[in-house]
Every structure is written in structure tokens, then in C-alpha cells.
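Beneath this line is the structure, given in C-alpha cells, with notes to follow.
The values are calculated or read from the model by the stated rules, or taken from the named source; none is laboratory data. Given the structure is predicted, the values throughout are model-derived calculations rather than measurements. Note that we place each Cβ from the backbone using ideal geometry, even for glycine, and neighbour counts take in every protein chain shown. Just so you know, the surface numbers come from the protein's heavy atoms only, side chains and all, with ligands and any DNA or RNA stripped out. Shrake-Rupley method; radii C 1.70, N 1.55, O 1.52, S 1.80 Å.
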Amino acid sequence: MVLNYLKPLQKYPVLIFLLSAALLAFCIPGLMQIRFTTDLADYFVADDPVLTSQDRFNQLFNQNEFVAVLVESSDVFSSDSLETINNLGQRMLEEVPFAGSIVSLSAVNPVLAGGLAFSFEGGELVTDSDEIEEIRRKFTEIESFRGHLFSEDMTQAWILLNLEEYPTGSDWSGDQTPQLTAGMAAYNTVKSFNAPDGIRLTATGVPVYAHRKEQEMLADFMKILIIGAIVSVLMTALILRNLQAIIGTLVIIFFSVAGVFSYYGWTGKELDNAFMAVPILLTMGLSIGYSVHITHFFDLYYASGQSRKDSVFKAIIQTWRPILFTVMTTAAAMLTFLFVDIEPIRWVGYTSSLCLIVVYVISMTLFPGILSLGRSQSRGAKKISINFEPILKRISFTVRHYEKSILVIFVLATLVSIYGITLLRVDFDAEKMMGLRLPHMLDQKRIADSSIGTTEYLELTLLLEENDLKGTDVLAAIDQVQADIEGLPLVVRTSSLTATVREFNRIFHKNRGTYDIPEKDSQLRALFNVFERLSPGLLRGWVTEDYGSTRIHVELNGFSSAVIEENLDEIDRIVKDAFSEETDYFLSGSTYQMALMNQYVTRGLVRSIFMSMMIITVLMIAVFKSFKIGLIAMIPNLFPIVVCGGIMGFFRIPLEFVTMTVAPLIMGLAVDDTIHFISYMKKGITEKRSYSSGISHSFRVVGTAITQTTVILCLTFIVFTVSQVNSMIYMGVLTFFGMLSAYMADIFITPILVSKSKPFGRF
């Protein structure tokens, strides 16, 4: 079978170029059509309750996204500051797609402002200084302005641009998603605005954040991949010293990644670049591993004096089955990500599996075809390469003579790592995950540290009976809920309908009344009737038309999964204490979504690792037709997971979206060497009818290839430490130590376990 499909490729090398050209013709246009997304809603699977709650919230209160600008100056009521706020706001209305309404010091609600407003002509402020001071005094008295629209010390102010609902499906044909399109336009508008000296502008809002994150992370990721590719190519060249093998390895990596990702381009699947690392890294790692193993056997046959083409044939015959088994086990491990209720994690699972299938196909077709190119050297010719045999011979000797010491060290390392795992915490703190080296994270930090800005929020929606919110006792209960929530950790402030009612009451009494809720229900209903006529839009942002549902906006400064989960439990208690046990409510907002994803990841990771262990164990038993071998083979695959978990616990590396993918990634890479090592160990033991001789033989035959693969992979992944993103650095470090510990378990522990348990019979 192998000879039948390889013969045409070897006889007609032009077929290799034709196949490559056909693949390029498919890949390049597809890659050009890839679209990215960073929408948090895309993280959840269809019909997830989180999405249902968010959709319900948006429908009740007609809420859409917004972009904002934090304006900082010595006095935001100065002429320069007010002109900057007004002119930038007008430009944003003109230049940002889906722009709706603007809210700022120069564009406030006239009802709340009591008719006061700044006047501009041709972009210049024409309000005189006395009027400015009068407006300043009046705005300072308005609770919903002071500390919200501008800071108490009047050095910071917001420009808020509310966006219209985004088009969906066939209604949108842009190159990017509507969110990224709006974010890019808003950021570019602010960046290009020429503000006077002493005034600082910082753009924010989910669309701006998404655009900047997508651009900066993609640039960072490409830098890592380029450096990683250079390192892997140099190491492959240094170790293999075979031009055809190096070219073939690059062909495997490129067409495997490009083939799968171009498919997504052709089908219009939107990708999140934060999750692209795992399938690409896994593809790079296993492509290198497979090519090293094939080239190793090619070198053995070629050095014995056989022709280049015959050596390639025999190398494929020796490796196609073990490599197929590794593809099956690794793909099965990655597909366990389908048990995680987060869409991008599922995407990582099936994309990695697709990449592995393509890697195998190309490794068995184009790679041997490329390896066959060139003339055969003289008989017995031998290339110069890095020689690991003396080291492996010493390791083999150590394994045979110091079994107890090795097992004791292994057990101690395992116990210490298990203790470290108990210190591991799940945490989706953006600052911890991303770090503060990327510009957009520095700006987010600046927003969070400002006196009127926060980076986290959640919405509490109360579902009461019709007209309940026209009762003063209900509004008093809402006040109590707000007061209790503001006492929770991380909570900065809350906003609700009650603040608007107080403002209405003050205005209704022409600023003579106290800033409070009316005492009687009849007064409250009369107040609502007046302002329904004057400013119904303002009310609809807080209460539904039937006065049966309202929302409480909760702002937080910082994110901690553990603290916020406790807060969610406390909010449940607070609502029921203020109203009743039967009160219906729901939560929404980005912080709530992230808190739930914390639970999804915890449950999903446990299910994923458990299913990976089960599937790989079953496949190992089936491959080697031995229950003992199936269990033994799992040791070097589980040990690196335990070690990495311990490292994460001891060094306080949080478990989050990216770091949770390290476990199956390492398992997928480690199983490759394990299958090859045990396969040739079994062959050597059964042929020589001696465990000692067979194990020593496996060190000589396949030990070099395993060592070469590990060296290349470790050096490739450690390149991730040049990233500006903490999660990427963590992935590089963890994968490095994971591969290293997997290698140590393979060559030190597996031979001892095989020797002690004698799974291939007693000789």
C-alpha cells in the first residue's frame, strides 16, 4: 500500500510541485478572508442561559454598546476642555459607524440640566465666564452628573457615544465585524484628534477594547510565531543536517495550518486570535516530531548503504503505524475540549484535531516525496549530526542500576506537585492574564484608576409586577439593595432608577425640594407622568413601560473570580432580604459572564482531563493489546500534567482560558514519544527475549529521535517568553517544563515500570 502511492511521487517529482501549487491555490485566498472577533458573547455556546439573560436585558432596556473617551485636564470646565469635549463628540458622531446619541458636558439631557447648556459657534465656546461658572455650580448639584459624568475634583470627564444596534447576517458585508469596525473608527478618531496641550484623551468602551486587543495581540502572536519558526527551523537543521527533511518539515507545518485555517476563511468562520496558539503550536510540535522520527529511520537505512528512495520507503513502513496511533490518541485528547461549555475552547479541540489529520496526511505523502528528492550518496555514506548516543547510553545504565532511587525521586516530585495543585486557583482577571505591557492594557489600567472610570460591571434586573415601581416602598427597597451591594468587595458604586427619580423630584420642585424620593405613591405617580411627557427616553433606560421591571447597574474596580462568585451569592441574599424569597431577577453584563465562565472552565477542565485519560488509556490498551501497557503508558503522560499543575500553584499562575489548554496540549505532545518508545521497546524485548537487552536496544534505536524532538520542542516553546502577554509567557514556560518532565518520565520511569511488570511476557 505504501509503495503504491509513493512510487508516482518518487518517479515524477513534478507531482510534488503540482500538489503544492494546488494547495497554495486553495490556502492563500482562504487565509486572506479570515475574520477575527473578540466579542465575549461568542465565547458561549448557542442557547446558553448567559446569552438568554443578556438578550433579555437588551430587549427590556434597549441597551446597546457604547464607546467613550476619558478627558483629563486641570479643569474640565475650562474653555479648551469644553471645546475639546464638544468638537471631539461631534466628530465621533460623524465618523463612527452606528453612532447614536452623545452624552457629555456639552451634550447633557436638557431635562436633568434644567435647561442649562453651553453654547458653541463654529466649534468655539461662546458662553461667557460667568455663565460657565453658573453651569458648573448647577451641574455640581446634580448627583447623576457629579462623580459620574465628571469627577468631584473636575479634572476628569466622559464623552459617551451610544451606538445603534449592530446589523447581523446578510445585513452586514464589511471586512470586519460591526463591533470591530466601530471600535477601529472610534479609536482612530480619538487618536487623530489634535487636543490642546495639557489635555489627555483615552478612548475606551468594548468596541475600542476589542479592536485594540485584536490588533495588538495579533501582532504579538505573529512575532512569537516567526521567532518560534526560526528557532525550530535552526534546531531542526542543526540536529537533522538534512535539507530535504527541513524543507519537508516546513511544508508539513505550513500546509497543515494554512489548510485548516483557510477553510475557516472560505466558510466565513470568525476566529479569536487569543486561542489560535494551541492548534498552531500543536501542529508545529507534532510536525517536527513526525518528521524527526521519519528522518531518523531514513538516516539509519541510508547510512547502511541503501538508496535514498528505498530508505524513504522503509522509513515510512517503520513509522506510519506508530505515527497514526499518536494522531488518534492526540486528536482524541483534543476532542475532549468539546465537553467544555465555552465555544472558543471547543474550537481549539476540533481545530487541533483537523490540523493533526492534515499533518498525518502530508507527513505520509508530500514529506516522503520531498525526502526522496536528490541523488543517492555513495554506499555507507553517513551524515554528521549532534550525537546524543553517549548521553542515552549513560541514562540507560543509570535506569538499570538505580531503579529505587529514580522511583523515590519520581514519587517525591509527584507528591510535591500534587500539593502545588491544591494551591491552584481559577481566575479570569484580565490584568493578570494579559499583563500591562500592551498599550491597550495600560489604557485600561488608566481608566480603572480614574475616579469616574471602571473596567468591570454587572446588571441586576428586577422582574416585579406591573406598576410596582410606582410605589415608594419598592423604590425604598431598591435603595436598600444598592446600599448593601455597595458594601461588597470590589464594588465601587451602583446606579438605578431611584437616582433619576430624585433628580426629577428636585427639578419638579424647582430645586427647592430635598434630593429624595417622594413620600407618597400619588406624588411618585404624578412625577412619572410629568417626565414621561418631557423625557420618556431617559426613563426607558431604567424602567420598562409597564413599570414592572428595572435594573441596578453595579460598577466594580478589579476582577477576582473567587470574590465575584461570593458577591453573586450575596446579591441573591440581598435581593431576597429586601423583597421576598419569590422575587424574580436575573444578572447580566461582562463581569457576570466572566464569573460564569470561571465555573465552566473549572468543570470543563476536569471533564476534559478525565475524558482524555480514559480515551488515551483505552487506545493505548487497544494499540498494544495489553491492559498493563495501557496503564504504564499513561504514567509519562500524566506526570507532566501534575508537574505543570504544581508549578502553576506554587508560582500563583492563574488557571484561565489559555493556561487551561496546556494540559491536553502537553498530553498530546507527550503521547507521541511514549508510543514510539514503547513500540520499539516491545519490538526489542520480543526479538531479543530479554527485557534488559530490549530496553537498551530501544534507547539506541528510538532514544535519539525522542531526545531530538524534545530539544526542538522545548526551545521552540520557550520562545513564548518574549511575548508581551502574560498568558502566552505562562504557556511557553509550562509547555517547556511539561515537555521536559514528560521526556524524563519516558526515559527514566517507563523502562523501570516495563522491567518490573513484564507486560510482554516473562523470558
Take A210 and decide whether it is assigned to a helix (DSSP H, G or I), open to solvent by less than 30 Å² (accessible area, probe 1.4 Å) and within 30 Å of L300 (Cβ to Cβ). no
Quick test for you: out of L462, L490, pick the one residue that is within 30 Å of D429 (Cα to Cα) and out of contact with any helix residue (DSSP H, G or I) (no Cβ under 7 Å at 6 or more places or on another chain). L462
Unmet requirement for H440, which otherwise passes all of (1) more than 30 Å from A157 (Cα to Cα); (2) within 38 Å of the chain's Cα centre (by Cα): (1)
When restricted to L669, L619, the only residue surrounded by fewer than 24 Cβ atoms within 10 Å (Cβ to Cβ) and part of a helix (DSSP H, G or I) is L619
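Per-residue answers, yes or no, for (1) touching a residue at least 12 places away in the same chain (Cβ under 8 Å); (2) within 21 Å of the chain's Cα centre (by Cα):
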{"site": "D569", "(1), (2)": "no, no"}
{"site": "F579", "(1), (2)": "yes, no"}
{"site": "E582", "(1), (2)": "no, no"}
{"site": "V601", "(1), (2)": "yes, yes"}
Filter result for F610 (aromatic (F, W, Y), over 22 Å from Q54 (Cα atoms), outside any loop (DSSP other than H, G, I, E, B) and open to solvent by 40 Å² or more (accessible area, probe 1.4 Å)): yes
I need the full set of residues from region 213-223 which are hydrophobic (A, V, I, L, M, F, W, C) and open to solvent by less than 20 Å² (accessible area, probe 1.4 Å), in order please. M217, F221
In region 625-660, the residues that are charged (D, E, K, R), more than 22 Å from L282 (Cα to Cα) and not in a helix (DSSP H, G or I): K625, R652
Within region 142-180, the count of residues that are closer than 23 Å to R446 by Cα, in contact (Cβ under 8 Å) with a residue 12 or more places away in the chain and among the charged types (D, E, K, R) comes to 2
Of the residues in region 87-107, those that are open to solvent by less than 20 Å² (accessible area, probe 1.4 Å) and assigned to a helix (DSSP H, G or I) come to L88, G89, M92
Checking R652 against (1) over 27 Å from G732 (Cα atoms); (2) under 29 Å from the mean Cα position of the chain (by Cα); (3) among the basic types (K, R), only one condition comes out false. Which one? (1)
Out of (1) open to solvent by 40 Å² or more (accessible area, probe 1.4 Å); (2) over 30 Å from L715 (Cβ atoms), what's the single condition that is false for Q179? (1)
Select, from S74, S81, the only residue that is on the phi < 0 side of the Ramachandran plot, modelled with pLDDT of 90 or more and part of a loop (DSSP other than H, G, I, E, B). S74
Scanning region 724-763 for residues that are under 12 Å from N637 (Cα atoms) and either among the aliphatic types (A, V, I, L, M) or without any contact (Cβ under 8 Å) to a residue 12 or more places away in the chain (or both), the one surrounded by the most Cβ atoms within 10 Å (Cβ to Cβ) turns out to be A742
Specify which of the listed residues (I199, I226, I246) is under 28 Å from the mean Cα position of the chain (by Cα) and open to solvent by 10 Å² or more (accessible area, probe 1.4 Å). I226
Number of positions in region 711-763 that are in a helix (DSSP H, G or I) and closer than 30 Å to M434 by Cβ: 28
For E165, only one of the following conditions fails: (1) charged (D, E, K, R); (2) crowded, with 20+ Cβ neighbours inside 10 Å; (3) over 18 Å from I34 (Cα atoms). What is its number? (2)
Of everything in region 68-82, what is open to solvent by 10 Å² or more (accessible area, probe 1.4 Å) and either within 30 Å of L460 (Cα to Cα) or without any contact (Cβ under 8 Å) to a residue 60 or more places away in the chain (or both)? Give them in sequence order. S78, S79
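Every residue, every condition in (1) closer than 14 Å to S81 by Cα; (2) modelled with pLDDT of 90 or more; (3) assigned by the TED database to the domain that holds L82; (4) open to solvent by less than 20 Å² (accessible area, probe 1.4 Å), yes or no:
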| site | (1), (2), (3), (4) |
| --- | --- |
| A113 | no, no, yes, yes |
| F120 | yes, yes, yes, no |
| E124 | yes, yes, yes, no |
| I132 | yes, yes, yes, yes |
| R137 | no, no, yes, no |
| T140 | no, no, yes, no |
| S144 | no, no, yes, no |
| H148 | no, no, yes, no |
| D153 | no, yes, yes, no |
Of the candidates T710, T716, the one satisfying the condition of being of a type in the set (V, I, T), closer than 30 Å to M441 by Cβ and crowded, with 21+ Cβ neighbours inside 10 Å is T716
Confirm whether E545 is touching a residue at least 40 places away in the same chain (Cβ under 8 Å) and open to solvent by 10 Å² or more (accessible area, probe 1.4 Å). no
Given the conditions (1) assigned by the TED database to the domain that holds I749; (2) surrounded by fewer than 23 Cβ atoms within 10 Å (Cβ to Cβ), and given that N598 satisfies all but one, which numbered condition is not satisfied? (1)
Surrounded by 20 or more Cβ atoms within 10 Å (Cβ to Cβ) and either at pLDDT 75 or above or of a type in the set (A, V, I, L, M, F, W, C) (or both): does that describe E65? yes
Which condition from (1) open to solvent by 30 Å² or more (accessible area, probe 1.4 Å); (2) not assigned by the TED database to the domain that holds G349 is the one that S232 breaks? (1)
